[in-house]
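The values are calculated or read from the model by the stated rules, or taken from the named source; none is laboratory data. Since this is a predicted model, take the numbers as computed values, not measurements. All Cβ positions, even for glycine, are placed from backbone atoms using ideal geometry, and neighbour counts span all protein chains on display.
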Amino acid sequence: MILYPPAKINLGLHILAKRPDGYHEIETIMAETPLCDILEITEAASDSFVQSGIQVPSDGKPNLCQRAVHLLRKNKVFPNLQIHLRKQIPVGAGLGGGSADASYTLSGVNALFDLGYSSAELADFAAQLGSDCPFFIEGGLQLAQGRGEILSKIEPLGKSVHLVLCNPQIHVSTATAYAGVEPVPNRSSIKEMFASNGLANLQNDFELSVFQAFPLIQDLKTALYNAGATYAAMSGSGSSVFGIFAQKPILSTELNKQVIYNGPWSY
């Protein structure tokens, strides 16, 4: 079985409040993109995990794909697996690549061995692996609330555009990004803003503090607007930045060096 876990971008992100559990109450629109990893899952004599492409820094723990398998094994019996993850989505870049890999492992193993879990049950498993993980069970375009795990589908606007996704190879710690943010409660719903005005009034609350700490990320957003983007923003807590264009843009040589996806997209 070969699967293609996609990167996501955040079409606006509001940080509403600090929660008693230490997390933040957020509201964001998450959107699937064509940029993806490649995940191969096959039955094998013994469990193994191989990773190629962009290297994932080791923290001494099993990869999220392995943790997804272990989670399913607590509840169901199925054969040993060989997993090969070809990493193409930059790591720690605000694109949810690791979360996508974990969720696609859950869905893939469920389908491969007919384990019988529903999408809702898979999303519950995914939430145990990370806040962004449940989104990737169904993907598409969704509103994420709570700490990111409360999801509801959003009807796409049906707009066909050109997406340029850039990564400046700067690591932004999520904890550091949150530490620099002042929550703003009681404002217009991001879902209503999107439905009435599209991308026009959306913003990512992380940008203010992250841009202060890493001016090069702000420069990247400015470069996308200078290239003709109708909307540009940082994804998640960074450091990736995307631009949406009415048609394929002509990009400078310097900007092209940071592009990781440049192609058609719809939302």
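Working carefully through the options LEU151, LEU157, find the one that is hydrophobic (A, V, I, L, M, F, W, C) and surrounded by 18 or more Cβ atoms within 10 Å (Cβ to Cβ).
Checking each option against the conditions leaves just LEU151.
Residues in the stretch 170-177: is at least one part of a helix (DSSP H, G or I), outside the structural domain of LYS221 (by TED's automatic domain parsing) and in contact with a Ser or Thr (Cβ under 7 Å, 6 or more places away or on another chain)?
no
So how many residues does the stretch 22-39 have that are among the acidic types (Asp, Glu) and closer than 30 Å to VAL109 by Cβ?
2
Take the residues in the stretch 79-103 that are surrounded by 20 or more Cβ atoms within 10 Å (Cβ to Cβ) and among the hydrophobic types (A, V, I, L, M, F, W, C); name whichever of them is farthest from VAL172 (Cα to Cα).
LEU81
Sort out which residues of the stretch 222-257 are of a type in the set (S, T, N, Q) and farther than 27 Å from SER131 by Cα, and write them in order of number.
THR222, ASN226, THR230, GLN247, SER252, THR253, ASN256
Among what's in the stretch 13-50 and is over 16 Å from the mean Cα position of the chain (by Cα) and among the β-branched types (Val, Ile, Thr), pick the residue that is surrounded by the fewest Cβ atoms within 10 Å (Cβ to Cβ).
VAL50
Pairs only if they're at least six apart or on different chains, beta carbon under 9 angstrom, first in the stretch 8-31 and of a type in the set (Phe, Trp, Tyr), second in a strand (DSSP E or B) and surrounded by 24 or more Cβ atoms within 10 Å (Cβ to Cβ); list them, first residue then second.
Close Cβ pairs (under 9 Å, with a partner that is in a strand (DSSP E or B) and surrounded by 24 or more Cβ atoms within 10 Å (Cβ to Cβ)) do not exist here.
Report the residue count in the stretch 178-204 for those that are outside any loop (DSSP other than H, G, I, E, B) and either of a type in the set (Ser, Thr, Tyr) or free of Cβ contacts under 8 Å to residues at least 60 places away in the same chain (or both).
Of the residues in the stretch 178-204, 6 are outside any loop (DSSP other than H, G, I, E, B) and either of a type in the set (Ser, Thr, Tyr) or free of Cβ contacts under 8 Å to residues at least 60 places away in the same chain (or both).
Looking at LEU208, LEU163, LEU216, LEU220, which one is modelled with pLDDT of 90 or more and in contact with a Cys (Cβ under 6 Å, 6 or more places away or on another chain)?
Unique residue meeting the criteria: LEU220.
Hey, could you check the stretch 128-145 for residues that are within 14 Å of the chain's Cα centre (by Cα) and outside any loop (DSSP other than H, G, I, E, B) and say which is surrounded by the most Cβ atoms within 10 Å (Cβ to Cβ)?
Ranking the qualifying residues of the stretch 128-145, first place goes to PHE136.
Of the numbered conditions (1) without any contact (Cβ under 8 Å) to a residue 60 or more places away in the chain; (2) in contact with a strand residue (DSSP E or B) (Cβ under 8 Å, 6 or more places away or on another chain); (3) not hydroxyl-bearing (Ser, Thr, Tyr), LEU72 fails exactly one; give the number of that condition.
(2)
So which residues in the stretch 231-267 are buried (at least 22 other Cβ atoms within 10 Å of the Cβ) and in a loop (DSSP other than H, G, I, E, B), if there are any at all?
Within the stretch 231-267, SER235, GLY236, SER237, GLY238, SER239, SER240, TYR267 qualify.
Where in the stretch 1-80 are there strands (runs of 3 or more DSSP E), lying fully within it, with 1 or more residues that are more than 29 Å from SER237 (Cα to Cα)?
Result: 38-43, 48-53.
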